[in-house]
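In what follows, a single structure is set out as structure tokens and then discussed.
Where a number appears in this text, it was derived from the coordinates with a stated rule and is not lab data. As the structure is a computational prediction, the values presented were derived from the model and not from experiment. Every residue, glycine among them, receives a Cβ derived from its backbone with ideal geometry; neighbour counts consider all protein chains shown.
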């Protein structure tokens, strides 16, 4: 039976000298998902991607893509045969023209979609005879995306695909990505520190911080699970030790006690009633708030 | 397609090298009448003792005929020096040098092994170096009638091939000049010039050194984190 997970990492570690880029990263990316890989700069996103594509070898732990070990040279070639990739810097061969790099890339992929190529060339308004070194950053990103999308890949790995782009081009790129995924059976794994775009297109997310996944799951489920509970007291707020699961963070400010829960609000509210608050408010939490709370909680 | 990529990356350096070497080869041939006119006067010079004097006497002696002139000026000096320079220039620009520019990520995302990438890159450089050694050398027999001389195509091919066969100029650092296995001696094929035999020991040592270095580079690239 085929592995339902396109990407799986288990206790993945990578050190560069004394610097630990990954410190036991666990990830499960189900087939067919659009997986947002969120983290601050330097959190370990690019290192993870490089390990998945065989560009960097892990120090310890396991990384598998399509069930194949990412650190074995032969299986790594097979992984790349089935994967489209857009790097963070979008650097391509500057001495080539758009047409040359499209032909160059197409030659490696038997399932290359010529029809998509023509469609994206028109949609992105890329000049076939134009040299890559003369392209703007936006045009270069669109070209890199075209080269990834037309491969007929089962997996798209996009490292900060919209970094450095203006909002209009960002929207154009994201729309192209969503439209592509809707028409093809593709898993998308994209890293970003732009929470809004992950919120816009991802159905699953992992938040990585300092080389570890601190939050992971379906985006809708996270939105359901995460709640901010605000308790107001007559006098100074107490500092209770809740037994209910999922208390991620507590903050006391004067008469107000704020609790961030990752397991709903009901059980915490039940416990909090014993503290006689004068008011209890429960508000949903956005992905941005989850990100900021979980990442800053690590500081 | 990797072949084409390698060609696109090296063609400017290769074509500049080819143009310069063709120019130099033509210049060597066309210079012969002027040099040959100076040889009788040079023979009567008092060059004194010592290494420099010996070298001058050797140069004058060898260049008294056209074949010696070509060997001394072209195969022993100009081609060997310029070819070595372009061997280094054409050898640069592989995966590691792409890292700073970022394009290495794109290359490494392709479904090909690193060994194949550097193998093709090395093979392209070797093919271009072969052309740099042979094409300008073959210009010598073509141009020689212009100065009333002739030069054997076989000589041009053998000498050019010997320069090429010593693929890595760095081999000069490994094996001392003048020794039985001297790389420089193999490059200039002095043995062939004097006796008609080929400098097999030097060719073998340089080929082995080249293969070892290429293998070392492949291992290094395979284990590098990009």
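Would you give the gap between the C-alpha center of region B:52-78 and the C-alpha center of region A:35-70, rounded to a whole Å? Rounded to whole Å, the Cα centres lie 62 Å apart.
Taking the helices alone, chain A has a mean residue ellipticity at 222 nm of -9500 deg cm²/dmol, built from -39,500 (n - 2.57) per DSSP H run of at least 4 residues and averaged over all its residues. Here the residues B:60, A:256, ranked from fewest to most Cβ neighbours within 10 Å of their Cβ, fall in the order A:256, B:60.
Mean per-residue shielding of peptide B:108-120 is 5, counting Cβ atoms of other chains within 10 Å of each Cβ. All C-alpha to C-alpha distances of chain A, sorted into 10 Å bins beginning at zero, yield P(r) values of 6, 25, 29, 21, 11, 6, 2, 0 percent in whole numbers. Exposure proxy shown here: for A:180, B:159, A:113, the number of other Cβ atoms within 10 Å sets the order, fewest to most, as A:113, A:180, B:159. Going out from 0 in 5 Å bins, what whole percent of all Cα-Cα distances in region A:226-297 drops into each bin? Result, from short to long distances: 3, 18, 30, 26, 15, 6, 1 percent.
Just checking the listed ones, A:258, A:48, A:186: in the Gaussian network model of chain A with Cα springs under 10 Å, the one fluctuating most is A:258. For peptide A:99-109, the mean count of partner chain Cβ atoms within 10 Å of a residue's Cβ comes to 3.
Where both bridge residues fall in region A:5-221, DSSP classifies roughly 55% of the beta bridges as antiparallel.
Over region A:5-221, Cα pairs under 8 Å with separation of 6+ residues give a relative contact order of 30 percent. Against the longest principal axis of chain A, how steep is helix A:287-297, in degrees 0 to 90 to the nearest 10, with axes from Cα atoms? Compared with the principal axis, the helix lies near 70 degrees. Protection proxy ranking for A:200-206, A:91-97, using the average of other Cβ atoms within 10 Å per residue and placing the highest first: A:200-206, A:91-97. Calculated on C-alpha atoms, the gyration radius of the protein assembly as shown divided by its Kirkwood radius gives an Rg/Rh of 1.20. Out of all Cα-Cα pairs in region A:144-252, roughly what percent, to the nearest whole number, are more than 19 Å apart? Roughly 58 percent, rounded to a whole number.
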